[in-house]
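Let me begin by presenting the structure, written as structure tokens, before commenting on it.
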Amino acid sequence: MGSKGGRHFLQIPGPTNVPDRVLRILSRPTIDHRGPAFALIAREAIEGLQRVFETKGAVVIYPSSGTGAWEAALVNTLSPGDKVLMFETGHFATLWRNMAVRLGLEVDFVPGDWRRGVDPEVVLAKLTEDRGRVIKAVAIVHNETSTGVTSRVADVRRQIDKAGHPALLMVDTISSLASIDYRHDEWGVDVTVGCSQKGLMLPPGLGLNAISGKALTASKSARLPRSYWDWEPMLEDNKAGFFPYTPATNLLYGLCEALRMLHEQGLPNVFARHCRHAEATRRAVRAWGLELVALNPAEYSSSLTAVMVPDGYDADVFRRAVLDRFDMSLGTGLGKLKGKIFRIGHLGDFNDLMLAGTLSGVELGLAVSGVPFKRGGVTAALDYLAASGVLEPTSARS
Ligand SMILES: Cc1ncc(COP(=O)(O)O)c(C=O)c1O
């Protein structure tokens, strides 16, 4: 066992590192959630989230994990037996499909190899052949956290429009919101699903829906049973800054602070930072001679990188060595990728030196666990970081 001095490195792709500013605010005394001070906080949180989702429409905040927000998206808009088009992009897309089936929806689940995102051409083909307009929704995962592969939401939207199909578009942004460029209104998304513990730099505990006017209209006639997740009482009470049940008061303090931090940095800068750290990470992976799970550069994720370990080696044994020796948590392989890959989270409250430490931990871990690799990944990443500063470089000369 290595020394346990210093800080643990939490480099799973969420929950992410919670900034000290947010941690401090979380520890404030809980207040009356039916009093005037609370209403100001709730309103600030909702307005700040609208800017992150890039929407002028409704946003609701549940005391829940992301899975709850998935369920809310489905039960508010759909009826038993409705047909939904979904894509097997990875573990989370599969879990969302399983939920839809359990809720009584009929899912057309387009098979995938977990190394590519949604093919917009398949969306076009499926919707064009649906002459009876029985498909009520297309539901996709923007950033597959299990594979480090993104889907091109704007292109999917274009194909839905090209088919002239009225299906709702639902998008899971659980590991992309506030990390990767996303535009709910511009891309014509009807329900966007998010949560607190990734790009929003908070602990787990908040589930989010951004809702279009079309989705709200659909909710008036949708017949799947719903109670806790019902948008209507939530939106009604939110108008005055309140909730129909006890909200996660302290997480809302934290959310307001995290939103302030994001807006101080500027979302375009936040996205650029994530892109740069992802590129540096991929350069490290290539220099190590290891393979990315993602096959298409247009679909590389900026919030995490999933890496294959060579055949005959167990990624979880490697991860265990990294944890025991260097006190760093890396993401495990999920579902059919268990043991075959590890995932490096580089999202949320993160900077160049944290990335350098993370990649050093991976390189050290490869060395001590006997996985065959070439040295030089950290150097390749550092070279890229030095050459691609997002801030004006300062000269070391006086
Ligand atoms: C893309 C994606 N969707 C859904 C979920 C489920 O969210 P939760 O575990 O917060 O319920 C996760 C969790 O990591 C995720 O990464």
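Each value in this text was obtained by applying a stated rule to the coordinates, not by laboratory testing. Only a predicted model underlies this, so the values are computations on that prediction, with no experimental measurement involved. All Cβ positions, even for glycine, are placed from backbone atoms using ideal geometry, and neighbour counts span all protein chains on display.
In percent, how large is the relative contact order of the stretch 246-398, given Cα pairs closer than 8 Å and 6 or more residues apart? Provide the component values of the computation, followed by the final result.
Working: 190 pairs, mean separation 40.8, N = 153.
Relative contact order, the stretch 246-398: 27 percent.
What FRET efficiency would be calculated for the residue pair residue 133, residue 240, taking the C-beta separation as r and a Förster radius of 35 Å, to the nearest 0.05?
The calculated FRET efficiency here is 0.35.
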*Kindly work out what percent of the DSSP beta bridges joining two residues of the stretch 41-166 are antiparallel, to the nearest 5.*
20
*Note the per residue figure in Å³ for the convex hull of the C-alpha positions in the stretch 149-283.*
141
*When ranked by the protection proxy of mean other Cβ atoms within 10 Å per residue, highest first, what sequence do the peptides 17-24, 220-227, 251-258 form?*
251-258, 17-24, 220-227
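Among the GluC sites (Glu not before Pro) in the stretch 80-187, which ones are in a DSSP loop with at most 14 other Cβ atoms within 10 Å of the Cβ? Mind listing them?
186
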*Relative contact order (%) - the stretch 71-142, alpha-carbon pairs under 8 angstrom, separation at least six*: 42
*May I have the convex hull volume per residue, in Å³, for the Cα set of the stretch 84-162?*
77
*How big is the shadow of the Cα convex hull of the stretch 219-277, averaged over all directions, in nm²?*
6.7
*Hey, could you pull the Cα Rg and Dmax for the stretch 261-398, both in Å?*
15.5, 56
_At a threshold of 8 angstrom on Cα-Cα distance, excluding pairs fewer than six apart, so keeping six or more, what relative contact order does the chain reach in percent?_
23
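Only bridges whose two residues both fall in the chain count here: according to DSSP, what percent of them are antiparallel, nearest 5?
55
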*Amide H neighbours of residue 58 under 5 Å, counting only residues 5+ apart in sequence or on other chains, H built in-plane at 1.01 Å?*
211
*Equivalent ellipsoid, the chain (semi-axes from 5 times Cα gyration tensor eigenvalues, Å)*: 35, 27, 19
*Rank 184, 263, 346 by mean-square fluctuation in a GNM of the chain with C-alpha springs under 10 angstrom and give only the top-ranked residue.*
263
_If you average the C-alpha positions of the stretch 86-137 and of the stretch 6-57 separately, how far apart do those two centres end up, in angstrom?_
32
